[in-house]
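The values are calculated or read from the model by the stated rules, or taken from the named source; none is laboratory data. Just so it is clear, the structure is predicted and the values come from calculations on it, not from any experiment. Cβ atoms come from the backbone with ideal geometry, glycine included; neighbour counts cover every protein chain shown. All accessible areas refer to the heavy atoms of the entire protein, side chains included, with ligands and DNA or RNA removed. Shrake-Rupley method; radii C 1.70, N 1.55, O 1.52, S 1.80 Å.
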Amino acid sequence: MPNRTLLIAGNWKMNNDVAEAVKLADELAQALPEVPAGVEVLVCPPTIDITTVHDRIQAAPIALGAQNVYWEAKGAFTGESSCDMLKSAGCTYCIIGHSERRDYFHETDEDQNKKAKALVAAGLVPVFCCGESLEVREAGTYVEHVVNQVKAGLAGLEITCPKQVVVAYEPIWAIGTGKTATAEDAQEVCGAIRETLKEMFGEELADGIRVLYGGSAKPGNIAELVAKPDVDGALVGGASLKAADFASMVVKAGE
Ligand code: PEP
């Protein structure tokens, strides 16, 4: 089996003002002076906190990402940030396609595709989220739904190394609800995503691309999730806001 470095990624969403971000970043840097071999750690604060968090974690083995990006390079796009701006602030990753952006801000698969291409061209790593609603899950068409999102969102992406993109499977019914998909549920869809990535990018690249699970992941379930062959870590919302919980997930993932 390919040896993929696990990724434990925190999505702070719209939480933490600057003072709170400093506190959490300092606690994380203290809790994670080093990370277990085979595990990579990423935090994605709100855009307003990125520069501050960068300063606080730069000596720690913690990567920095954004939660959103716009694909244009610069200009009259009020409220947006470009890839180069994120890079200049210390980001190496950026979450795209989160269900909250798709649902509340009406972002489409085509938007995600433009964002993914712009990020890769700028040397940033998209963490491309996909996942089905409860309605789609209950209709039984969830694998097809997620596969279609991956095909549309990552179409034509030019990568030469598997670390240039991360996919996060996040069933919407499990996000922030406390209702985790079972490790078997996660494996079923993450495995199907891997097969899709093989069709799109070839076996060798797809074997090295990290496919994460997200949706009420926490210290109590991370070990069983990452024990599955196609689950290469987690995108963590709620539990990433508590340094002790997030650090414990990192440690448990590495055991
Ligand atoms: C998320 O929204 O990316 C997420 C996984 O949230 P939570 O862990 O809180 O379910």
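Taking G238 and the conditions (1) within 16 Å of the ligand (Cβ to nearest atom); (2) more than 15 Å from the chain's Cα centre (by Cα); (3) at pLDDT 95 or above; (4) open to solvent by 30 Å² or more (accessible area, probe 1.4 Å), which numbered condition does it fall short on, given that it satisfies the others?
Unmet for G238, out of (1) within 16 Å of the ligand (Cβ to nearest atom); (2) more than 15 Å from the chain's Cα centre (by Cα); (3) at pLDDT 95 or above; (4) open to solvent by 30 Å² or more (accessible area, probe 1.4 Å): (2).
Can you tell me which residue within segment 157-173, out of those that are within 15 Å of the chain's Cα centre (by Cα) and either within 15 Å of the ligand (Cβ to nearest atom) or assigned to a loop (DSSP other than H, G, I, E, B) (or both), is surrounded by the most Cβ atoms within 10 Å (Cβ to Cβ)?
Looking at the filtered set, the residue picked out is Y169.
Suppose we filter K74, K114 for residues that are open to solvent by 50 Å² or more (accessible area, probe 1.4 Å) and in a helix (DSSP H, G or I); which single one remains?
The match here is K114.
When you look at A29, is it assigned to a loop (DSSP other than H, G, I, E, B), open to solvent by 10 Å² or more (accessible area, probe 1.4 Å) and at negative phi, yes or no?
no
Looking at R56 and the list (1) part of a helix (DSSP H, G or I); (2) open to solvent by less than 80 Å² (accessible area, probe 1.4 Å), which single condition is not satisfied?
(2)
Do we find that A181 is in a loop (DSSP other than H, G, I, E, B) and open to solvent by less than 10 Å² (accessible area, probe 1.4 Å) in this structure?
Taking the combined requirement at face value, the residue satisfies it.
Taking segment 117-156 as the search range and keeping residues that are assigned to a helix (DSSP H, G or I) and among the polar types (S, T, N, Q), which one is nearest to C91 (Cα to Cα)?
Within segment 117-156, the match that is nearest to C91 (Cα to Cα) is Q149.
Look at segment 117-143 and say how many of its residues are within 17 Å of K198 (Cβ to Cβ) and open to solvent by 10 Å² or more (accessible area, probe 1.4 Å).
1
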